[in-house]
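The values are calculated or read from the model by the stated rules, or taken from the named source; none is laboratory data. Here the structure is a predicted model, which means the values were calculated and not measured. Every residue, glycine as well, gets a Cβ built from its backbone with ideal geometry; the counts of neighbours run over all protein chains shown.
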Amino acid sequence: MKWFRNSVNKEEYWLADYWLESTTDLKEASLSLAVGQSVGNPTIRSRRETESLLEKHGAIILADEAKLKNLTKGRVRIAFPLENMNIQEDGVTQLLVQAMGGQLDINIIEKCHLLNLQFPKGFKYNRSKFGINGVRRFTGVYNKPILGGIIKPKVGLTSQELLGMVKEMVEGGVNFIKEDEILANPDCCPFEERVPLVMKYLKGKKVIYAVCINSDYPYILERARRVYELGGNAVHVNWWAGLGVYKAIRELNLPLFLFFQKSGDRILTNEKHQFYIAWPVICRLAGLMGVDIIHAGMWGGYLSETIAGLRKTLVILADCGVLPSLSCGLHPGLIQAINRRFGTDYLANAGGAIHGHPGGTKAGVKAFRQAIDGKLGREYFAAVRLWGEVKP
């Protein structure tokens, strides 16, 4: 078996790019990863590992073996055989088991960062049912950011109180409303009570309302179906529900916008960790699973990515046709600065800077509406006095 090669048939493998750091050298580290994440023990072969089995199922290191012997750290590309799984049914769960699994237990591998994934041409688990173009068609908003609002407080409101907040947000001019990830099915605002109440009010309005359905399997799929039955048009799922659940919800084939919420993702994606999966990889997987909208990150808020980092994420999402949501400290005085740096194909999604406006929720939405439409009024200037303004 030739573990190190210059190339493979890209229709028979999917590729993973890693940054590896080893206590020995990159040859040993990459070989341990490739063998351990495909056919067997990283260093011990058995009689059953025949040459034909290894050739068919072994992962391949796409590198010059000799060069890796002289390095203790660097970027390595590994090709994993499609033969090793039923990629449609095993899905993103088994894909990540192979891409980012047992190498975390190999003591010579000090750092392992999953930086990129490449798949055979045309591969996709599911297409987004709507994506950025579908969101724009539904809301009728073109050539500018789509305005979103987040329910705050996150939990504690009754269903009637939540409905009152929704009415103020719609009257102010939102295109999208998202329940926070903390709101799932509490006794104070039960799922079966609040969803029909809100959707009855929104009937006929061009507003997307993303219902939080965070829960374990099978409840989360049952809730997705129930949202549709109750007249809903969108669901919000936090990634803690499991990355594969986005694929499972999309495969229900319901006419629901699917929102991917990233809160908590840095457990996986923090670049300061010894082992992490780069956030753009997660975004690529979200696109492959048919997500329509994703909390992509933020610039200028209490969460603030680097300009280069956020641009990289936005390019990947644009390639996948997924609408990026920017939030976590967004306020009206940031809109034009964000537009200048990143363009206008995003969901401007805010909670605190809407409901914390001196004039209340409706005024808070109007302030954002004025910032997006470029027709500045008293609500915008009141927001700027409170949170400031970043010049374009």
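Going by the structure shown, is VAL92 free of Cβ contacts under 8 Å to residues at least 60 places away in the same chain, among the β-branched types (Val, Ile, Thr) and part of a helix (DSSP H, G or I)?
For VAL92, the condition - free of Cβ contacts under 8 Å to residues at least 60 places away in the same chain, among the β-branched types (Val, Ile, Thr) and part of a helix (DSSP H, G or I) - is not met.
What number of residues within region 16-37 are under 30 Å from the mean Cα position of the chain (by Cα), buried (at least 18 other Cβ atoms within 10 Å of the Cβ) and among the hydrophobic types (A, V, I, L, M, F, W, C)?
Result for region 16-37: 6.
Out of everything in region 50-60 that is farther than 19 Å from LEU26 by Cα and within 38 Å of the chain's Cα centre (by Cα), what residue ends up being surrounded by the most Cβ atoms within 10 Å (Cβ to Cβ)?
LEU54
From the list GLU192, GLU181, GLU222, which one is charged (D, E, K, R) and in contact with a strand residue (DSSP E or B) (Cβ under 8 Å, 6 or more places away or on another chain)?
Result of the check over GLU192, GLU181, GLU222: GLU181.
Grab the helices (runs of 4 or more DSSP H) fully contained in region 112-209, keeping just those with 3 or more residues being under 30 Å from TYR276 (Cα atoms) and not assigned by TED's automatic domain parsing to the domain that holds GLU271.
none
Name every residue in region 225-247 that is surrounded by 20 or more Cβ atoms within 10 Å (Cβ to Cβ), in a helix (DSSP H, G or I) and in contact with a Leu (Cβ under 6 Å, 6 or more places away or on another chain), in order of residue number.
Hits for region 225-247: nothing passes.
Considering region 356-368 alone, what residues qualify as being surrounded by fewer than 20 Cβ atoms within 10 Å (Cβ to Cβ) and within 28 Å of the chain's Cα centre (by Cα)?
Passing the criteria: only GLY356.
Kindly evaluate PHE80 against the criterion of being buried (at least 16 other Cβ atoms within 10 Å of the Cβ), on the phi < 0 side of the Ramachandran plot, in the same structural domain as VAL207 (by TED's automatic domain parsing) and out of contact with any Lys or Arg (no Cβ under 6 Å at 6 or more places or on another chain).
Spelling it out, it is not the case that PHE80 is buried (at least 16 other Cβ atoms within 10 Å of the Cβ), on the phi < 0 side of the Ramachandran plot, in the same structural domain as VAL207 (by TED's automatic domain parsing) and out of contact with any Lys or Arg (no Cβ under 6 Å at 6 or more places or on another chain).
When region 357-382 is examined, which residues are found to be of a type outside the set (Val, Ile, Thr) and in contact (Cβ under 8 Å) with a residue 60 or more places away in the chain?
Of everything in region 357-382, those that are of a type outside the set (Val, Ile, Thr) and in contact (Cβ under 8 Å) with a residue 60 or more places away in the chain turn out to be GLY360, LYS362, ALA363, GLY364, LYS366, PHE368, ARG369, ASP373.
For region 115-132, name all the residues that are surrounded by fewer than 16 Cβ atoms within 10 Å (Cβ to Cβ) and of a type in the set (A, V, I, L, M, F, W, C).
If the condition is that a residue be surrounded by fewer than 16 Cβ atoms within 10 Å (Cβ to Cβ) and of a type in the set (A, V, I, L, M, F, W, C), then PHE123 is the only one that fits.
Listed residues ILE277, ILE316, ILE282; which is more than 24 Å from VAL384 (Cα to Cα), among the hydrophobic types (A, V, I, L, M, F, W, C) and in contact with a Gly (Cβ under 9 Å, 6 or more places away or on another chain)?
ILE316
Quick check, is GLY343 surrounded by fewer than 20 Cβ atoms within 10 Å (Cβ to Cβ) and without any contact (Cβ under 8 Å) to a residue 12 or more places away in the chain?
Against the criterion (surrounded by fewer than 20 Cβ atoms within 10 Å (Cβ to Cβ) and without any contact (Cβ under 8 Å) to a residue 12 or more places away in the chain), GLY343 does not qualify.
Being part of a helix (DSSP H, G or I), at pLDDT 95 or above, out of contact with any Cys (no Cβ under 7 Å at 6 or more places or on another chain) and assigned by TED's automatic domain parsing to the domain that holds THR139, is that true of even one residue in region 343-351?
Taking every residue of region 343-351 in turn, none turns out to be part of a helix (DSSP H, G or I), at pLDDT 95 or above, out of contact with any Cys (no Cβ under 7 Å at 6 or more places or on another chain) and assigned by TED's automatic domain parsing to the domain that holds THR139.
Just to be sure I understand, how many residues within region 323-346 are over 21 Å from PRO358 (Cα atoms) and either more than 22 Å from the chain's Cα centre (by Cα) or among the hydrophobic types (A, V, I, L, M, F, W, C) (or both)?
Qualifying residue count for the region: 7.
Scan (1) without any contact (Cβ under 8 Å) to a residue 24 or more places away in the chain; (2) touching a helix residue (DSSP H, G or I) at 6+ places or on another chain (Cβ under 9 Å) for the single condition ASP187 breaks and write down its number.
(2)
For residues that are aromatic (Phe, Trp, Tyr) and without any contact (Cβ under 8 Å) to a residue 40 or more places away in the chain, scanning just region 261-305, find the one that is surrounded by the fewest Cβ atoms within 10 Å (Cβ to Cβ).
Only one residue tops the list, namely TYR302.
In region 6-40, what residues are of a type outside the set (Asp, Glu) and free of Cβ contacts under 8 Å to residues at least 60 places away in the same chain?
ASN6, SER7, ASN9, LEU26, LYS27, SER30, LEU31, ALA34, VAL35, VAL39, GLY40
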